[in-house]
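Colleague: If you scroll down you'll find the structure; I have some questions about it.
The values are calculated or read from the model by the stated rules, or taken from the named source; none is laboratory data. Please read all numbers here as calculations on a predicted model, not as lab measurements. Methodologically, a virtual Cβ is constructed for each residue, glycine included, from the backbone with ideal geometry; neighbour enumeration extends over all protein chains shown. Ligands, DNA and RNA are stripped out before the accessible areas are found, and what is left, the full protein with its side chains, is counted by its heavy atoms. Shrake-Rupley method; radii C 1.70, N 1.55, O 1.52, S 1.80 Å.
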Amino acid sequence: MTTFALTYDLIKRKDYETLWGELERLSAHRTQDSMWLINLNNTAQEVAEHFRQYIDADDRIWVLELTKNNYYFNAKGGTNDWINNNPPSR
């Protein structure tokens with residue numbers, strides 16, 4: 001499994017419950033308002049393409065492969081536990 005950081009800009013106020021529902025279905029963890037961590041057996045491009053169906057054409061999405069060399073401060077609750085249970089592979 002590869003750990004990814006998925007972040008997005010949702011340009012206009014719309015209903016994005018399906019996007020958040022899909023992230024939760026895949027056991028992603030929300031670290032900030034528009035950033036999630038997720039473990040999948042895909043490439044970053046495949047992950048981004050999958051989530052394009054849940055956003056509008058004017059929205060932005062960015063998927064980054066997470067490595068062991070990362071640092072964060074003051075992420076949402078549960079982030080340490082999620083990372084400890086889903087450590088980056090590189």
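Colleague: Could you look through the stretch 42-58, keep only residues that are open to solvent by 90 Å² or more (accessible area, probe 1.4 Å) and in a helix (DSSP H, G or I), and pick out the one that is nearest to G21 (Cα to Cα)?
Modeller: Once the filter is applied, the top-ranked residue is R52.
Colleague: Considering each residue of the stretch 75-90, count those that are among the polar types (S, T, N, Q) and buried (at least 16 other Cβ atoms within 10 Å of the Cβ), and give that number.
Modeller: 2
Colleague: Being out of contact with any Lys or Arg (no Cβ under 7 Å at 6 or more places or on another chain), over 10 Å from L37 (Cβ atoms) and not in a helix (DSSP H, G or I) is the filter here; which residues of the stretch 73-86 pass it?
Modeller: F73, N74, G77, G78
Colleague: Can you tell which of L23, L19, L37 is surrounded by 13 or more Cβ atoms within 10 Å (Cβ to Cβ), more than 20 Å from P88 (Cα to Cα) and not basic (K, R)?
Modeller: Of the residues listed, the single one that is surrounded by 13 or more Cβ atoms within 10 Å (Cβ to Cβ), more than 20 Å from P88 (Cα to Cα) and not basic (K, R) is L19.
Colleague: Still on this structure, I have one more. From L19, L66, grab the single residue that is within 18 Å of N86 (Cα to Cα) and out of contact with any Cys (no Cβ under 7 Å at 6 or more places or on another chain).
Modeller: So the residue among L19, L66 that is within 18 Å of N86 (Cα to Cα) and out of contact with any Cys (no Cβ under 7 Å at 6 or more places or on another chain) is L66.
Colleague: For the stretch 64-74, check the following and say yes or no: at least one residue is of a type in the set (D, E), open to solvent by 70 Å² or more (accessible area, probe 1.4 Å) and within 13 Å of the chain's Cα centre (by Cα).
Modeller: Yes: the stretch 64-74 contains one or more residues that are of a type in the set (D, E), open to solvent by 70 Å² or more (accessible area, probe 1.4 Å) and within 13 Å of the chain's Cα centre (by Cα).
Colleague: Between a first residue in the stretch 48-69 that is without any contact (Cβ under 8 Å) to a residue 40 or more places away in the chain and a second residue that is open to solvent by 50 Å² or more (accessible area, probe 1.4 Å) and part of a loop (DSSP other than H, G, I, E, B), which pairs have beta carbons less than 8 Å apart while being 6 or more apart in sequence or on different chains?
Modeller: H50/N42; T67/R90; K68/P87; K68/R90
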